[in-house]
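Working notes, structure below.
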Amino acid sequence: MRGTTCTGKTTFNISYDKAGTTPLVMGSNKTLIGVGSSATIKGKGISLQGVSNVIIRNITLSEINAQLVW
């Protein structure tokens, strides 16, 4: 599949900034609410490991290191 997916398409080599390799760590019983229509966390992900009762609302996460997603 890899050989046929990009046939005839422009491809790019990309690299990721080290700044995005350390996520923001949230603990249990926390709320993160973006205020306004442009609330953004740029270049950082959020780590939610072993937590409960967490609410994240109205936040755009952008330019995250794809190596750390999933």
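In the stretch 7-31, of all residues being in contact with a helix residue (DSSP H, G or I) (Cβ under 8 Å, 6 or more places away or on another chain) and part of a helix (DSSP H, G or I), the one that is modelled with the lowest pLDDT corresponds to G20. A66 meets each of the listed conditions (1) out of contact with any strand residue (DSSP E or B) (no Cβ under 9 Å at 6 or more places or on another chain); (2) modelled with pLDDT under 85; (3) open to solvent by less than 50 Å² (accessible area, probe 1.4 Å) apart from (3).
The values are calculated or read from the model by the stated rules, or taken from the named source; none is laboratory data. These numbers were taken from a predicted model, which means no experiment stands behind them. Neighbour counts are summed over all protein chains in view; Cβ atoms, including those assigned to glycine, are modelled from backbone coordinates with ideal geometry. Ligands, DNA and RNA are stripped out before the accessible areas are found, and what is left, the full protein with its side chains, is counted by its heavy atoms. Shrake-Rupley method; radii C 1.70, N 1.55, O 1.52, S 1.80 Å.
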